[in-house]
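Chemist: Okay, handing you the structure first.
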Amino acid sequence: MDLLLDLTAAGQGIWIDGSNRVFEKTEFEGLRFRVNIKPLTRTELRRIRREAQTSKGLDMDMAMPKIFIGQVIDWELKNTNGEQIPFSDENKKVICESFPTFANLIATACMDSNVQTASEDEIKNSLTSGTGE
């Protein structure tokens, strides 16, 4: 049997919603929303590690928003009035600032999308390890 890699699908992203495993046991589990994410590549992970490095080590408060802003490519989100929130770079920043827990879970899903069986600790270790994955 041949190994078939679909290189054209990589740019299309993956739609996740409230049923994604990163939302288990959170206030977002089972809610209706959809976010289209790009899986985090090794190159992007290395860049984020460099950019979020401080004299005290890796600053996760810098890394997670960078992942969210860089990897979210579309969404179906509504405001409290039930109206669609337009997808834009500015609104990504607003979501990051106003809803950091949600943004961090989406960022975790971006990292998790290439490693479906990894635990959250393993994902965090992939950010903090110096081995380059």
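The values are calculated or read from the model by the stated rules, or taken from the named source; none is laboratory data. Keep in mind that this is a model prediction, so the values were computed, not measured. All Cβ positions, glycine included, derive from the backbone under ideal geometry; neighbour counts span all protein chains shown. Areas reflect the complete protein model, heavy atoms only, side chains present, ligands, DNA and RNA absent. Shrake-Rupley method; radii C 1.70, N 1.55, O 1.52, S 1.80 Å.
Chemist: Of everything in region 70-91 that's closer than 19 Å to residue 22 by Cα and without any contact (Cβ under 8 Å) to a residue 40 or more places away in the chain, which residue is farthest from the chain's Cα centre (by Cα)?
Modeler: Top of the filtered list is 70.
Chemist: Moving on to the next point. Being modelled with pLDDT of 85 or more, open to solvent by less than 70 Å² (accessible area, probe 1.4 Å) and closer than 18 Å to residue 42 by Cβ is the requirement here; does residue 60 meet it?
Modeler: No.
Chemist: Does residue 15 meet the test of being open to solvent by less than 60 Å² (accessible area, probe 1.4 Å) and of a type in the set (A, V, I, L, M, F, W, C)?
Modeler: In short, no.
Chemist: State all residues of region 28-69 that are in contact (Cβ under 8 Å) with a residue 24 or more places away in the chain and more than 15 Å from residue 111 (Cβ to Cβ); if no residue qualifies, say none.
Modeler: Hits for region 28-69 are 28, 33, 34, 36, 57.
Chemist: Do we find that residue 95 is modelled with pLDDT of 95 or more and either assigned to a helix (DSSP H, G or I) or among the acidic types (Asp, Glu) (or both) in this structure?
Modeler: yes
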